[in-house]
Amino acid sequence: MIRRMTDFLSSFGISLANSYVIAAVSGGADSVVMLQLLRQSGAKLAVAHCNFGLRGEESDFEEDYVRQLSIDLGIPFFVQRFDTTGHASRRDISIQMAARELRYTWFEVLLNELNACYVATAHHSDDSAETFFINLIRGSGPAGLKGIPFQRGAFIRPLLFARRSEIEQFAADKAIKYLTDSSNLGDKYLRNAIRHHVIPAFDSCHINARKGLMNSLLLQSKYETTLDELFNLYTGGTVSYFADGIEFNKNLLLKLKYPEVILHQLVSRYGFGGDLITQIAHSIRRSGVKKFTSPTHILVIERNKIHVSRLVEETEQVFFLEAGFTEIFKPVKLSAGRVPFNDNIPLKVPQHIALFDETKLEYPLVVRTWNRGDYFYPFGMKGRKLLSDFFSDNKFDSIQKKNAWILCNTNRDIIWIVGYRADRRFCVDEQTRHVLRLELT
């Protein structure tokens, strides 16, 4: 099997000899066999193990097993324990998605800290086939029908050429011990149900069923790469991306016979897919404003453009900033700096930065959504202005209005329309001694 793995890696122009590789090892057959094969490849190795804390003593036993295996093989061992359930709750995502986010974020950190060349994960061809069927069920479109790619940046899958049964047979022949994850035995998760029922039924249809599927996935991957290249050529300079959203000219789609293809490329990352993409495509040729929502975002079709942004609840949301705060991440990301006033401080700054006389502010400050009737005294203008009029004058569309955040004093006097305009009552003047610098990032 080492020869097959080496040839497989060579087909992608990769040799692991003398390369520093972090092996992601869970303790199961796939990752333990991968570790043994990587040892024979001549790579310099480190072992990384994730303890997601989802199965109590079993999770701790797996950590101890992988630690001891690493010691026995003389390989440096790194482990990270995660609050997976808490992360899933905070991000409002599934446990599986939370675990994926956590492990890949940590792998990236470890990759940089160790200055390693690659992180090797033990995905095999069965995993790729399962991913294909999962995405087929979810209606993921072309991008989801290529299975698992061999490489994504520094992440590689050296066992993608092999089937699960081949890996387990190799482990049996070489007397390689491994653990079995109890969560893989039932059908609680969609992947398990596909693994236990769909894949065996598919394989039984024809002797070359699996070979044909893997060849199709490889071809689909090439098609997808080509589609990405053509997409970038077609949309170059006409699409604007911003934090958690996108905006593009509707004419991009009106020229196409099948606008769903480009539309899927543009908005699927925001939770729009399947029948919803079809409905949006049908609506672009109709007049008037049309709105569609995914679980996380809203898409608005206006006269000349399509705008996607994160949903904001209709009820007022309020967040408090205590004196001395240096950074917030919710509802927007703001960094704060405090400096004594001096003549070198530039008073003209970009919209995403605001300077205030901190002695004029009353803590805790409040970040909230705007309300009808809100007004402020715009910096650089005379008199006061309703926020609704400010939005109209600056041609805010419905999404920008919905997602506008207001920074206020404790008494709810507006200090800053975050990212747009400060209130002159709180800005720096000749009497200022202490400057609060806020930056929207």
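Is it fair to say Ser388 is among the polar types (S, T, N, Q), at pLDDT 85 or above, more than 17 Å from Arg425 (Cα to Cα) and open to solvent by less than 60 Å² (accessible area, probe 1.4 Å)?
Working: among the polar types (S, T, N, Q): yes; at pLDDT 85 or above: yes; more than 17 Å from Arg425 (Cα to Cα): yes; open to solvent by less than 60 Å² (accessible area, probe 1.4 Å): yes.
Judged against the criteria, Ser388 is a match.
Any idea how many residues of segment 420-441 are modelled with pLDDT under 90 and in a loop (DSSP other than H, G, I, E, B)?
7
Checking the structure you have, find out if any residue of segment 295-310 is of a type in the set (Asp, Glu) and within 26 Å of the chain's Cα centre (by Cα). Give the steps one after another, and end with the answer.
Within segment 295-310, the subset of a type in the set (Asp, Glu) is 302.
After this cut, where a residue has to be within 26 Å of the chain's Cα centre (by Cα) as well, the list is none.
There is no residue in segment 295-310 that is of a type in the set (Asp, Glu) and within 26 Å of the chain's Cα centre (by Cα).
Being hydrophobic (A, V, I, L, M, F, W, C) and either open to solvent by less than 50 Å² (accessible area, probe 1.4 Å) or farther than 20 Å from Ser182 by Cβ (or both) is the filter here, so list the residues in segment 59-78 that pass it.
Of everything in segment 59-78, those that are hydrophobic (A, V, I, L, M, F, W, C) and either open to solvent by less than 50 Å² (accessible area, probe 1.4 Å) or farther than 20 Å from Ser182 by Cβ (or both) turn out to be Val66, Leu69, Ile71, Leu73, Ile75, Phe77, Phe78.
Of a type outside the set (Val, Ile, Thr) and either under 23 Å from Ala162 (Cβ atoms) or under 18 Å from the mean Cα position of the chain (by Cα) (or both), is that true of Arg81? Working first, answer last.
Numbers: of a type outside the set (Val, Ile, Thr): yes; either under 23 Å from Ala162 (Cβ atoms) or under 18 Å from the mean Cα position of the chain (by Cα) (or both): no.
When the stated conditions are applied, Arg81 does not pass them.
Matching residues to (1) among the small types (Gly, Ala, Ser); (2) farther than 25 Å from Ile93 by Cβ; (3) open to solvent by less than 50 Å² (accessible area, probe 1.4 Å):
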{"site": "Asp244", "(1), (2), (3)": "no, no, no"}
{"site": "Arg285", "(1), (2), (3)": "no, yes, no"}
{"site": "Ser294", "(1), (2), (3)": "yes, no, yes"}
{"site": "Glu302", "(1), (2), (3)": "no, yes, yes"}
{"site": "Phe325", "(1), (2), (3)": "no, yes, yes"}
{"site": "Phe329", "(1), (2), (3)": "no, no, no"}
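Quick check on my filter: what residues within segment 255-270 are more than 30 Å from Val418 (Cβ to Cβ) and open to solvent by 60 Å² or more (accessible area, probe 1.4 Å)? Show your work before the answer.
If we filter segment 255-270 for residues that are more than 30 Å from Val418 (Cβ to Cβ), which is where we start, we get 255-265.
Passing the criteria: Lys255, Lys257, Tyr258, Val261.
Output yes when any residue across segment 332-342 is touching a Gly at 6+ places or on another chain (Cβ under 9 Å), touching a residue at least 12 places away in the same chain (Cβ under 8 Å), on the phi < 0 side of the Ramachandran plot and open to solvent by 60 Å² or more (accessible area, probe 1.4 Å), and no when none is.
Yes, because at least one residue in segment 332-342 is touching a Gly at 6+ places or on another chain (Cβ under 9 Å), touching a residue at least 12 places away in the same chain (Cβ under 8 Å), on the phi < 0 side of the Ramachandran plot and open to solvent by 60 Å² or more (accessible area, probe 1.4 Å).
Give the residue that is farthest from the chain's Cα centre (by Cα), with candidates limited to residues of segment 269-291 that are at pLDDT below 85 and not in a loop (DSSP other than H, G, I, E, B).
Asp275
Would you confirm, using the coordinates I've provided, whether Asp389 is touching a Lys or Arg at 6+ places or on another chain (Cβ under 9 Å) and without any contact (Cβ under 8 Å) to a residue 60 or more places away in the chain?
Numbers: touching a Lys or Arg at 6+ places or on another chain (Cβ under 9 Å): no; without any contact (Cβ under 8 Å) to a residue 60 or more places away in the chain: yes.
Considered against the rule, which asks whether it is touching a Lys or Arg at 6+ places or on another chain (Cβ under 9 Å) and without any contact (Cβ under 8 Å) to a residue 60 or more places away in the chain, Asp389 comes out as no.
Among what's in segment 165-183 and is open to solvent by less than 60 Å² (accessible area, probe 1.4 Å) and modelled with pLDDT under 90, pick the residue that is farthest from Asp72 (Cα to Cα).
First pass over segment 165-183, keeping only residues open to solvent by less than 60 Å² (accessible area, probe 1.4 Å): 167, 170-171, 176, 179, 181-183.
Right, trim to modelled with pLDDT under 90 and you get 181-183.
Details: Asp181: 22, Ser182: 25, Ser183: 27 Å.
That would be Ser183.
State which residue pairs qualify: first residue farther than 27 Å from Ser309 by Cα and touching a residue at least 40 places away in the same chain (Cβ under 8 Å) and inside segment 216-240, second residue surrounded by 12 or more Cβ atoms within 10 Å (Cβ to Cβ) and among the charged types (D, E, K, R) in any location, beta carbons under 7 Å apart, and separation of 6 or more residues or different chains.
Cβ pairs passing all conditions: Leu217/Lys146; Gln220/Lys146; Ser221/Lys146.
What number of residues in segment 60-90 are of a type in the set (A, V, I, L, M, F, W, C) and more than 11 Å from His49 (Cβ to Cβ)? Full working, then the answer.
Kept after step one, since they are of a type in the set (A, V, I, L, M, F, W, C), are these residues of segment 60-90: 61, 66, 69, 71, 73, 75, 77-79, 82, 88.
If we keep only those that are more than 11 Å from His49 (Cβ to Cβ) as well, we get 61, 71, 73, 75, 82, 88.
Residues in segment 60-90 being of a type in the set (A, V, I, L, M, F, W, C) and more than 11 Å from His49 (Cβ to Cβ): 6 in total.
For residues that are more than 27 Å from the chain's Cα centre (by Cα) and modelled with pLDDT under 95, scanning just segment 44-58, find the one that is most open to solvent (accessible area, probe 1.4 Å). Working first, answer last.
To start, the set of residues in segment 44-58 that are more than 27 Å from the chain's Cα centre (by Cα) comprises 44-45, 56-58.
Within this subset, residues satisfying the condition of being modelled with pLDDT under 95 are 56-58.
Values: Gly56: 44, Glu57: 160, Glu58: 54 Å².
Looking at residues that are more than 27 Å from the chain's Cα centre (by Cα) and modelled with pLDDT under 95, I get Glu57.
Quick test for you: out of Val366, Val349, Val435, Val428, pick the one residue that is open to solvent by less than 10 Å² (accessible area, probe 1.4 Å), under 20 Å from Thr326 (Cα atoms) and in contact with a Leu (Cβ under 7 Å, 6 or more places away or on another chain). Spell out how you get there, then give the answer.
On the way: Val366 fails: in contact with a Leu (Cβ under 7 Å, 6 or more places away or on another chain); Val349 fails: open to solvent by less than 10 Å² (accessible area, probe 1.4 Å); Val428 fails: open to solvent by less than 10 Å² (accessible area, probe 1.4 Å).
Of the residues listed, the single one that is open to solvent by less than 10 Å² (accessible area, probe 1.4 Å), under 20 Å from Thr326 (Cα atoms) and in contact with a Leu (Cβ under 7 Å, 6 or more places away or on another chain) is Val435.
Would you tally the residues in segment 107-156 being modelled with pLDDT under 90 and assigned to a loop (DSSP other than H, G, I, E, B)?
Total meeting the criteria: 8.
Spot the failing condition for Asp397; the list is (1) farther than 17 Å from Leu361 by Cβ; (2) without any contact (Cβ under 8 Å) to a residue 60 or more places away in the chain; (3) charged (D, E, K, R), and only one is missed.
Going through the list (1) farther than 17 Å from Leu361 by Cβ; (2) without any contact (Cβ under 8 Å) to a residue 60 or more places away in the chain; (3) charged (D, E, K, R), Asp397 breaks only (2).
The values are calculated or read from the model by the stated rules, or taken from the named source; none is laboratory data. Predicted model only: the values in this text are computed from it and were never measured. Note that we place each Cβ from the backbone using ideal geometry, even for glycine, and neighbour counts take in every protein chain shown. Remember, those area values only see protein heavy atoms, side chains included, never the ligands or the DNA or RNA. Shrake-Rupley method; radii C 1.70, N 1.55, O 1.52, S 1.80 Å.
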